[in-house]
1. Could you run the Karplus curve 6.51 cos²θ - 1.76 cosθ + 1.60 with θ = phi - 60° over region 142-150 and give me ³J(HN,Hα) per residue in whole Hz, x for Gly and Pro?
2. Using 1/(1 + (r/R0)^6) with R0 = 35 angstrom and r between the beta carbons of residue 179 and residue 140, what's the FRET efficiency to the nearest 0.05?
3. What whole-number distance in Å separates the alpha-carbon centres of region 139-216 and region 65-130?
4. For residue 76, enumerate residues with amide H under 5 Å from its amide H, sequence gap 5+ or separate chain, H modeled in the peptide plane.
5. Tell me, how many Å apart are the Cα centres for region 22-37 and for region 309-342?
6. Taking the 0 to 90 degree range and rounding to the nearest ten, how far is the long axis of helix 163-174 tilted relative to the main principal axis of the chain, both from C-alpha atoms?
7. Using each residue's phi in region 127-140, evaluate 6.51 cos²θ - 1.76 cosθ + 1.60 at θ = phi - 60° and report the 3J(HN,Hα) Karplus result to the nearest Hz, with x for Gly and Pro.
8. Would you please name the GluC sites (Glu not before Pro) within region 188-259 that are DSSP coil residues with at most 10 other C-beta atoms within 10 Å of their C-beta?
Amino acid sequence: MQKLAIQGGVPLRGEVRISGAKNAALPIMCASLLTADALQLSNVPELHDVATMRKLLEQMGVKACVRGSEMSLYGGQANKPEAPYDMVKTMRAAILVLGPLVARFGEARVSLPGGCAIGSRPVDLHIKGLQAMGAEIHIEHGYIHAQAKRLKGARIFFDIVSVTGTENLMMAAALADGVTLLENAAREPEVVDLARCLREMGAKISGDGTDTITITGVEELNGAVHSIMPDRIESGTFLVAAAATGGSITLTDTRADILETVLEKLTEAGAQIRAEGDRIHLEMHGRPKSVNVRTAPYPAFPTDMQAQFMVLNAMAEGSAMVVETIFENRFMHVQELRRLGALIDVEGNTCMVRGVDHLEGAAVMATDLRASACLVIAGLVAQGETVIDRIYHLDRGYEHIEAKLSQLGANIRRLK
Ligand code: EPZ
């Protein structure tokens, strides 16, 4: 089990390049199943989850060719519409092959993802949507068995906003017979990036980025060339780290228009932020001020930034409420932050965080991807050394994080 050791107290300074978005790359890689041609992707982040998705597609017969952040996927020879449990259990996003497999091959056998640290995370909305499009679905021995001669367009209402639910059904509808309406759809930028890529492949999609998406099915889709959008959560994570350490950093190859609520909260906390084109500059003088945070579907404050703001509030001036409305168990980082001296009370889905003037380094354990990012930020600000265990969680979603942080002056090293 690898660990990260961090000596706190160094303000982050300098420039860092933001990688492609994990949560755009994963669904877009699955879109390769929808065509027999080549899907040529660039700005693909080199992450553990991306490698897992590539291996999952390869065992279905997709040919993959990777050179750094370039990836070509050839769905032509795909012939095994199955996603086995041992691959799905390590990465829930594997559920994103379900829609494309049924749409292109008329059948799929995909393991139920099972729960994960942050919640039960059911996939009932994915299944209900495919059934509305005419798929015969039954679940046995932990697998989703789906069959459909040809999916038919349908009107589908999401009673809960679901990012991958919207993405799965958008991909399925792209090859269905007729028009599909997705209502109360997710508006996340990663949904829009997938829609862009599908349009480049010949799909007829409109309304992406709003809560109603219309897809008119076509007979077949072609290959395309697509560059993955920047990762807004990696961007937000580095900005919070700079604010917490009282530093001054510039992000490059990113976008400010998809981070508005996060930038607003950082400004409220006292940071000075300047966005120009694909760069965002943040300077922080003195101690941050506490800011209230309430997560909700885009364009509201993202749940994937909740843990990062928890640690900012833990060392800020004042007290703040952090409310998590998306997942039922996304406060596991609280226990670990308390080991570093944080004063946090938890009541259901609400935390009251009272800022302390300093955190103290200690041994802590990562529990999920964004919680591990929060602990890294805690280590950067804590007095003394913090050692974070189980950092495989971190490697799933942050490309070369210790190299990027070292480049900004952090005293951080990976312990084998
Ligand atoms: C996506 O997960 C992201 N993952 C998550 O990022 C992110 O936290 C989440 O959206 C919310 O923004 C990817 O895009 C690969 P949901 P997803 O379906 O799609 C409930 C990260 O850190 N729900 O939008 O799985 C669900 O339980 C990860 O990068 C159902 O009840 O999330 C949750 O309470 C973590 N039934 C809520 O909806 C369903 O069929 C939102 O979940 C589907 C979801």
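1. Each residue's phi maps through the Karplus curve to give x, 10, 8, 9, 10, 9, 6, 4, 8 Hz.
2. E(calc), rounded to 0.05, equals 0.60.
3. If you average the Cα positions of each part, the centres end up 14 Å apart.
4. Answer set, sorted by chain and number: 63.
5. One Cα centre to the other: 35 Å.
6. Roughly 20 degrees, rounded to the nearest 10.
7. 5, 4, x, 5, 5, 4, 8, x, 6, 8, 10, 9, 10, 8
8. Here the sparse-neighbourhood loop sites are 219.
Only the coordinates and a few stated rules stand behind these numbers; no lab work does. Bear in mind the structure is a predicted one, so any value in this text is a computation, not a measurement. FYI the Cβ positions are ideal-geometry reconstructions off the backbone, even for glycines, and counts take in every protein chain you see.
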